[in-house]
Amino acid sequence: MRGDARLVLLVRNAVEAASGDDGWAHLTAVGNQIGNQASLDPRNYGYQKLSDLIEG
């Protein structure tokens, strides 16, 4: 993921938009934000799920 600046920016913006007052964001909310911003399929990056992509 680090090699793809667009992907990093997309995830970072989604986390910021989905985070609560404590600064944490649930992955489901992050996924929803990403879905609102762009079409992202983790399988295009070699992962089955968004959580695997984030962990990777």
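Worth a mention:
- Estimated 222 nm signal from helices in the chain, with DSSP H stretches of n ≥ 4 weighted -39500 (n - 2.57), rounded to 500: -16500 deg cm²/dmol
- Counting charges near E55 (Lys, Arg +1; Asp, Glu -1) among other residues having Cβ under 14 Å from its Cβ returns a value of +1.
- Alpha carbon convex hull of the chain, projected area averaged over orientations, nm²: 3.6
No lab work stands behind these numbers, since they all come straight from the coordinates. Predicted model, so just to flag it, every value in this text is computed and none were measured. Note that each Cβ is placed from the backbone with ideal geometry, even for glycine, and that neighbours are counted across all protein chains shown.
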